[in-house]
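Working notes for the structure below.
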Amino acid sequence: MALIKISTDSTSDIPVNLKEELNIEVVPLMIIHGDKEYRDGIDLTTRQFYEILETSDIMPGSSCVPLVYYTNLYEKVYADGYTDLIHTTINSKGSSTYQGANMMRDQFYEDHPEAKEKFNIHIIDSTTYSVGYGWAVIEAARMVKDGKSVEDIIAYINDWIAHVRPVMLPMNLKFVKKSGRISAAAAFVGDALGLKPVITFEDGASKVISKIRGEKRAVKEFVDLIESEREVGTPYMLVSGNNDEQFLKFKEECALRFEREPEFVYDVGNIISINTGPNMIGIIYRMK
């Protein structure tokens, strides 16, 4: 009988209570700020990091999961007697974390040739960001508790990834321009015209799918777009930053329009906020 472990990296932005409840292993990407390094999701809260973003003259950056964390993960899960590890990573086009996970899997099997017959490491490239894949990881962990097979769990993760739409609406482009990591938005000069880009990710790359003029209309037009694309009856998660006023309007508009409550609300994670800035609202949903 398979004994399955679920793991991911910190950019999945899984809330701490769910990570602990569902026994999900999370390896951290690194945040670099000047001469300091922080483990994402461990050394800084999101609100502490927003303060750094807003006040520092130095733009923080990020780097992939250190390889030693993968070595430690594989060694631990194998030693604990699991037969399968299903690990889902941040988009491989935006980080070398996926490549690192595969490289250290190969190294693990070189070091433990006996493990090849009894311990399977499955690595999935999410091709997306944040709870766009974090939700699939959460559901995968629930499927483990329900006794589902490795094949069914991997099929679910891949199906969710194929249909998920993470959508972010930065209220200004200050950090989007600075980061240079979201190419479509970095080239967009809508600030001067009062335009705000609706940013998503397709095939691992960023894409501006709409432009909204003015802050007063932003929430309504944003939800109009979401409603036109979202598959009714499916889970969705709301993303907040430090613009509590706009987020409250957004949450209320979603409650009026959608037939169910969000699965949860979470603060945009540290790695994503480097690219969008904390002054944003967002949502993760399944497309029709």
THR88, sole failed condition from (1) surrounded by fewer than 20 Cβ atoms within 10 Å (Cβ to Cβ); (2) assigned to a strand (DSSP E or B): (1)
Some residue of the stretch 40-60 being at pLDDT below 95, of a type in the set (Phe, Trp, Tyr) and surrounded by 15 or more Cβ atoms within 10 Å (Cβ to Cβ): yes
Tally, over the stretch 1-35, of residues that are in a helix (DSSP H, G or I) and buried (at least 23 other Cβ atoms within 10 Å of the Cβ): 3
Evaluation of GLU253 against (1) exposed (fewer than 13 other Cβ atoms within 10 Å of the Cβ); (2) over 29 Å from ASP40 (Cβ atoms); (3) among the acidic types (Asp, Glu) (one fails), failing number: (1)
Filter result (acidic (Asp, Glu) and outside any strand (DSSP E or B)) within the stretch 36-54: ASP40, ASP43, GLU51, GLU54
Hits in the stretch 212-240 - residues which are assigned to a strand (DSSP E or B) and modelled with pLDDT under 85: ARG213
Hits in the stretch 241-266 (condition: outside any helix (DSSP H, G or I) and either more than 13 Å from the chain's Cα centre (by Cα) or at pLDDT below 95 (or both)): GLY241, ASN242, ASN243, PHE258, GLU259, ARG260, GLU261, PRO262, GLU263, PHE264, VAL265
Residue that is surrounded by the most Cβ atoms within 10 Å (Cβ to Cβ), among those in the stretch 105-138 that are touching an Asp or Glu at 6+ places or on another chain (Cβ under 6 Å) and within 17 Å of LYS5 (Cα to Cα): GLY134
Looking only at the stretch 61-79, and only at residues there that are hydrophobic (A, V, I, L, M, F, W, C) and under 19 Å from GLN99 (Cα atoms), the one that is surrounded by the fewest Cβ atoms within 10 Å (Cβ to Cβ): VAL68
Residue match in the stretch 59-81 (condition: touching a Phe, Trp or Tyr at 6+ places or on another chain (Cβ under 6 Å) and farther than 20 Å from ILE154 by Cβ): no
Filtered residues of the stretch 110-140 (kept if in contact with a strand residue (DSSP E or B) (Cβ under 8 Å, 6 or more places away or on another chain), within 21 Å of ASP267 (Cβ to Cβ) and not in a loop (DSSP other than H, G, I, E, B)): VAL131, GLY132, TYR133, GLY134, TRP135, ALA136, VAL137
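The values are calculated or read from the model by the stated rules, or taken from the named source; none is laboratory data. Note that the coordinates shown come from a computational prediction; the quantities given were computed from them, not determined experimentally. Don't worry about glycine lacking a Cβ; one is built from the backbone with ideal geometry, like all the others, and counts go over all protein chains shown.
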